[in-house]
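Engineer: Quick one: the structure is below, questions incoming.
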Amino acid sequence: HDLLADLFITDKDITMRNDQFDSNMPNLSNSFKKIQLSANPNQQNEFINIVIRLASLPMGKSGAKSDQERNDYKKAIMAEQNEVVARLGKLVPEMELIAKTHLVMNSIFVKVPTSTLHILSNDTSVTRIAPVGEYRLDLSETVPFIGGDIVHTRGYNGTGVKVAVVDSGIDYMHKNLGGEGTMEAFEKAYGTNMTDNHTRRDDFFPTEKVVEGYDFVGELWPLNNDTLDPDDDPIDIEGHGTHVADIIAGKRGVAPGATLVAIKVCSAVASRCNGIALIQAVEYAIEQEVDIINLSLGGDYGQPFDDDLSYALKGAHDDFGIMVVASAGNCGDNPYCTGTPAAEATALSVAQTTMPNWYAPKIAVNGNDYAAAFLTWSVALINETLSGPLIFADGTYNNTLGCEAFAPGSLNGYIVLVDRGTCPFTTKVLNVENAGG
């Protein structure tokens, strides 16, 4: 073996140890067998984001104790990764390096043509290749129903606990999280549109409640050719991460005394969470010395044994003593539908329950009933019926997403339907409202 075998670190030197290889994994994930065996030439020429695990154990399993040992081990892993990247780059010139991790997974993330997977798998330092998973956002509620208020009366409110919220970011200007709670304050921190400069911190962040954070995806992923554009300001415009943060540690949350680390891994313009960013987020949370990692996201019918995020979170728990809390999913009471990473044995899997005050809204069109979904930030329609003529977008199949402004007054008196996607719900609602809908 011509590379780092894995390291057993002593006070004096670094010695090769073959018995500490992370070697009990297949060369290729089962998820790739269909790609490799496919006879479709178009699929063979597609580019795909993959995670490549390398032979040496990650830092968490290295046995390194002192700062010097950890520093030496990190340098050795970085050297191994750089050598592998250089070697694979010569074999696959089209390969694009996206990211590296070393704390919970000794891995590199690259973008390559699917036709080159067999070339990469033949490298002796490669122990696993898998597609990068993506996940969907989930939600949960509420404090009194789960007995949180009773815990508060006994003197426990989360003080001294640091929670990493791995989600769509956090609006640290929100009133429930200690901010001013005004649109003016939000625009000072974020800007007035999604193309403003969000790549820097300012005097508003970090805060007493949201003490640190990072944005691993940027504002426009995946609309910007699926390119990650990270920066150090994790402010949230999508809203999901802020909702989760409020449930966890807001003024009326489960643990109002806790502090938060905002880690942005989910899109501001779609309900997708990037698999590369998620694993980077786990390592960032470890570096921030958090007590809990919360992920209100996942993929239904989870298989943690073939899921790299689950592997990383297991490392965070086993090797760094961090509690992992993850959403069981939004797939109802179907058997075996619990998602990953909640299906990982070391994660605390949390499911939502139907609240006592829940009701099922519906839309009746020409005598036919259709199921609807009520969003908690919307104006309530309890015991009311809203009726009127129905229109799809502007009625001419233009601006069907509702992301652009409609002509003033053009939607007066109408109940307006628009397609989901591309821009936040709030943008769609505001554009319809401004046109009179």
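Engineer: Take segment 204-248 and flag every residue that is of a type in the set (A, V, I, L, M) and buried (at least 19 other Cβ atoms within 10 Å of the Cβ).
Structural biologist: Val210, Val217, Leu228, Ile235, Ile237, Val244, Ala245, Ile247, Ile248
Engineer: Every residue in segment 340-355 that is hydroxyl-bearing (Ser, Thr, Tyr) and open to solvent by 60 Å² or more (accessible area, probe 1.4 Å), please.
Structural biologist: Thr353, Thr354
Residue by residue, here is whether (1) in contact (Cβ under 8 Å) with a residue 60 or more places away in the chain; (2) aromatic (Phe, Trp, Tyr); (3) open to solvent by 10 Å² or more (accessible area, probe 1.4 Å) holds:
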residue	(1), (2), (3)
Gly253	yes, no, no
Val265	yes, no, no
Ile286	yes, no, yes
Gly302	no, no, yes
Tyr311	yes, yes, yes
Thr338	no, no, yes
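Engineer: Going through segment 256-284 one residue at a time, which ones are over 15 Å from Ile170 (Cα atoms) and assigned to a helix (DSSP H, G or I)?
Structural biologist: Residues satisfying the conditions are Gly275, Ile276, Ala277, Leu278, Ile279, Gln280, Val282, Glu283, Tyr284.
Engineer: From the list Ile129, Ile98, Ile119, Ile146, exactly one residue is in contact with a strand residue (DSSP E or B) (Cβ under 8 Å, 6 or more places away or on another chain) and either more than 25 Å from Val265 (Cβ to Cβ) or surrounded by 22 or more Cβ atoms within 10 Å (Cβ to Cβ) (or both). Which is it?
Structural biologist: Every option except Ile129 fails the conditions.
Engineer: Still on this structure, please answer the following. From the set of residues in segment 165-180 that are outside any loop (DSSP other than H, G, I, E, B) and modelled with pLDDT under 95, which is least open to solvent (accessible area, probe 1.4 Å)?
Structural biologist: Applying the filter and picking the extreme gives Asn176.
Engineer: Scanning segment 288-299 for residues that are surrounded by 19 or more Cβ atoms within 10 Å (Cβ to Cβ) and either in contact with a Lys or Arg (Cβ under 9 Å, 6 or more places away or on another chain) or in a loop (DSSP other than H, G, I, E, B) (or both), which turns out modelled with the lowest pLDDT?
Structural biologist: Restricting to residues being surrounded by 19 or more Cβ atoms within 10 Å (Cβ to Cβ) and either in contact with a Lys or Arg (Cβ under 9 Å, 6 or more places away or on another chain) or in a loop (DSSP other than H, G, I, E, B) (or both), the top hit is Gly299.
Engineer: Has segment 181-190 got any residue that is part of a loop (DSSP other than H, G, I, E, B), in contact with a Lys or Arg (Cβ under 6 Å, 6 or more places away or on another chain) and modelled with pLDDT under 95?
Structural biologist: yes
Engineer: Condition first: assigned to a loop (DSSP other than H, G, I, E, B), over 16 Å from the mean Cα position of the chain (by Cα) and modelled with pLDDT of 95 or more. Now tell me which residues in segment 207-247 satisfy that.
Structural biologist: Thr207, Glu208, Lys209
Engineer: Being open to solvent by 50 Å² or more (accessible area, probe 1.4 Å) and not basic (Lys, Arg) is the filter here; which residues of segment 67-77 pass it?
Structural biologist: Those that are open to solvent by 50 Å² or more (accessible area, probe 1.4 Å) and not basic (Lys, Arg): Asp67, Gln68, Asn71.
Engineer: Moving on. Is segment 357-366 home to any residue that is within 29 Å of Arg272 (Cβ to Cβ), at pLDDT 90 or above and either surrounded by 12 or more Cβ atoms within 10 Å (Cβ to Cβ) or out of contact with any Cys (no Cβ under 6 Å at 6 or more places or on another chain) (or both)?
Structural biologist: No, segment 357-366 contains no residue that is within 29 Å of Arg272 (Cβ to Cβ), at pLDDT 90 or above and either surrounded by 12 or more Cβ atoms within 10 Å (Cβ to Cβ) or out of contact with any Cys (no Cβ under 6 Å at 6 or more places or on another chain) (or both).
The values are calculated or read from the model by the stated rules, or taken from the named source; none is laboratory data. In this text the structure is predicted, and so the values were computed from the model without any measurement. Positions of Cβ are generated from backbone atoms using ideal geometry, with glycine treated the same way; all protein chains shown enter the neighbour counts. Quick note on the areas: whole protein, heavy atoms, side chains included, nothing else; ligands and nucleic acids left out. Shrake-Rupley method; radii C 1.70, N 1.55, O 1.52, S 1.80 Å.
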